[in-house]
Protein chains: 2
Amino acid sequence: MSSTPTSPYARLPEPPYYVVAFSSSRTEGDRGYDTMADAMVELASQQPGFLGVESARGIDGFGITNSYWKDEDSIRAWKTVVSHAAAQKLGRERWYEDYQVRIARVERAYGFER
Amino acid sequence: MSSTPTSPYARLPEPPYYVVAFSSSRTEGDRGYDTMADAMVELASQQPGFLGVESARGIDGFGITNSYWKDEDSIRAWKTVVSHAAAQKLGRERWYEDYQVRIARVERAYGFER
């Protein structure tokens, strides 16, 4: 993982790099979701080109996960990793009401810290 | 707003367009935040080039707002709108522990609906 255990922020290099913006609405109940989600973050963090991930979900079940990658090739490769493909299938069958994915090239970035 | 009252999803055109990925950690307490956040979404939705917004915040106070725009010019223009600039200042003084902003060009998109 590129984020420290105490920080929800990804520690990213200077742009350019890529973001996969994944918005989703969860179905009711856990049904193995949290365990799989943790496993997928762990697995993603081992993939070539993975830069970091940030995630938030509200009590209404709507969540956003922005994962950051070196380039489009690493995003496409991650999509086809066998365990991840199985998780995507379970996601459509079981865990998500719906989701939207946007793949974008990060061109600039800035931040604020207290 | 490009999203319907009942949907947390932005209704977006075909790529390309831009996303502003805004990750933030809130300070304790509301202190006018929710009112201002609602007002800023309303104001943003009236700006030229605004396409939609999606937002999620967990109970830990970490949140992600992805706002979608036609192009970089509309993003830069929105940043300088007077009321928005005032809200940004209050954000740094009062509402946010820290935040990170990444501006990215969306190249492709897909989704799943039940």
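All told, residue B:92 meets the bar of being part of a helix (DSSP H, G or I) and at the interface with another protein chain (Cβ under 7 Å from one of its Cβ atoms).
Assess whether residue A:28 counts as being of a type in the set (D, E, K, R) and part of a loop (DSSP other than H, G, I, E, B). Yes; evaluated as a whole, the condition is true for this residue. Of all residues in the range A:95-114, those satisfying the criterion of being over 27 Å from residue B:16 (Cα atoms) and loosely packed, with under 14 Cβ neighbours inside 10 Å are A:113, A:114.
On the stretch given as the range B:61-89, residues that are within 26 Å of residue B:32 (Cα to Cα), of a type outside the set (Phe, Trp, Tyr) and more than 7 Å from chain A (Cβ to nearest Cβ) total 17.
Of the residues B:45, B:67, B:25, the single one that is of a type outside the set (Lys, Arg), at pLDDT 95 or above, within 20 Å of residue B:15 (Cβ to Cβ) and surrounded by 12 or more Cβ atoms within 10 Å (Cβ to Cβ) is B:67. When the range A:41-76 is filtered for residues that are within 14 Å of the chain's Cα centre (by Cα) and in a helix (DSSP H, G or I), the ones remaining, listed by number, are A:41, A:42, A:43, A:44, A:45, A:74, A:75, A:76.
Taking the criterion of being among the hydrophobic types (A, V, I, L, M, F, W, C) and touching a strand residue (DSSP E or B) at 6+ places or on another chain (Cβ under 7 Å), the residues of the range A:44-103 that qualify are A:44, A:50, A:51, A:53, A:56, A:62, A:64, A:69, A:75, A:95, A:101, A:103.
For the range B:74-91, taking the residues that are out of contact with any helix residue (DSSP H, G or I) (no Cβ under 9 Å at 6 or more places or on another chain) and surrounded by 13 or more Cβ atoms within 10 Å (Cβ to Cβ), the one that is farthest from residue A:26 (Cα to Cα) is identified as B:77.
Applying a threshold of 9 Å to beta carbon distances and a minimum spacing of six or more residues, or different chains, the list of pairs starting in the range A:29-55 at a residue that is closer than 28 Å to residue B:101 by Cβ and ending at one that is basic (Lys, Arg) and at pLDDT 95 or above reads A:48/A:70; A:49/A:70; A:50/A:70; A:51/A:11; A:51/A:70; A:52/A:11.
Under the condition of being loosely packed, with under 15 Cβ neighbours inside 10 Å and of a type outside the set (Gly, Ala, Ser), which residue from the range A:28-40 is nearest to the chain's Cα centre (by Cα)?
Of everything passing the filter in the range A:28-40, A:38 is nearest to the chain's Cα centre (by Cα).
Of all the numbered requirements in (1) in a helix (DSSP H, G or I); (2) more than 14 Å from the chain's Cα centre (by Cα), residue B:112 misses one, and that requirement is (1).
The values are calculated or read from the model by the stated rules, or taken from the named source; none is laboratory data. Just so it is clear, the structure is predicted and the values come from calculations on it, not from any experiment. In this analysis, Cβ positions are derived from the backbone assuming ideal geometry, glycine residues included, and neighbour counts consider all displayed protein chains.
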